[in-house]
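Below you'll find the structure, written out as structure tokens, and then a few comments.
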């Protein structure tokens, strides 16, 4: 829960900061300006107030969903809006408080995963995409698996072969991407209803934000030799994420985009 509290705390501080700025503007300028300027200020404050109201609902939905482990369906859109709009501000606040960005991103992924699991959805295997980073492949491997995963020789030198076997076992799509652009193209082409993504915290965060409102379960890779080089992942963690979407949860709940 500590990891989740970091992102939630920064999110709450962001909301309070915007609310405070709005009150300051109102108290400072409303009494000073006259005529049309006052009406313009009122219109601006009302517009910002509406946005803050939606953000407040989204924050409330996130907290309630995390505490109850249940999806607050009526607050789905405000929650998505809050996550999308406030994330850059959360990162900016982290810099001010000298909090490492990777810690914030790790907390964000944890929060996202619990929110996705709260939906308890179920879908058919052909609507699930398992997206893998190219850095899982052995660096010296001559096979080009980004264009065609079947080119993998499954020699056991890297985790890719085992993950492809998982894909075949469950009947889900498995693709390998070299970066965000290729990943977005794959998502656009296959149009999945949910994604299991393996990557570092930074890439998982950007991918989750890009895919909103598509449910994405993030599995963080291991980097014993440093980032983007012969990374590893626990196949069991990936399998559990796959099972959540196609076996677990309530059968009457279907993920939609």
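Quick note: the coordinates plus some simple rules give every number you see, no bench work behind them. A quick note: this is a predicted structure, and the numbers were derived from the prediction, not measured. Reconstructed Cβ throughout: ideal geometry from the backbone, glycine too, with neighbour counts over all protein chains shown.
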Quiz prompt | From the C-alpha gyration tensor of region 43-160, square roots of 5λ in Å | solution = 38, 20, 14
Quiz item: Over all pairs of distinct alpha carbons, what does the Kirkwood formula give as the hydrodynamic radius of region 150-207, in Å?
Solution: 12.7
Self-check item: In nm, spacing of pseudo-spin labels at residue 189 and residue 52 (7 Å Cα→C-beta vector)
Solution: 4.7
Quiz item: In nm, what is the difference between 0.36 nm times the number of residues separating residue 74 and residue 229 and their Cα-Cα distance?
Solution: 51.6 nm
Quiz item: Semi-axes, largest first, in whole Å: what does sqrt of 5 times each Cα gyration tensor eigenvalue give for the chain?
Solution: 40, 20, 16
Practice problem: At a temperature of 37 °C and a viscosity of 0.692 mPa s, determine how fast region 120-246 diffuses translationally according to Stokes-Einstein, using the Kirkwood radius over alpha-carbon pairs as Rh; express D in µm²/s, rounded to the nearest whole number. | Solution: 227
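What FRET efficiency would be calculated for the residue pair residue 240, residue 124, taking the C-beta separation as r and a Förster radius of 25 Å, to the nearest 0.05?
0.85
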Quiz item: What full-extension length gain, to one decimal in nm, is calculated for residue 27 and residue 84 as 0.36 nm per residue of separation minus the Cα-Cα distance?
Solution: 17.6 nm
Quiz prompt | Per-residue [θ]222 nm for the chain (sum of -39500 (n - 2.57) over DSSP H runs n ≥ 4, rounded to 500) | solution = -19500 deg cm²/dmol
Quiz item: Helix 160-170 sits at what angle to the longest principal axis of the chain, using alpha carbons and giving 0 to 90 degrees rounded to 10?
Solution: 80
Quiz item: region 160-188 to region 65-141: how many Å between their Cα centroids?
Solution: 19
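Starting with the fewest neighbours, write out 6, 129 ranked by other beta-carbon atoms found within 10 Å of each beta-carbon. Each step should come with its number before you reach the end.
Numbers: 6 19, 129 25.
Sorted ascending by nearby Cβ count, the order is 6, 129.
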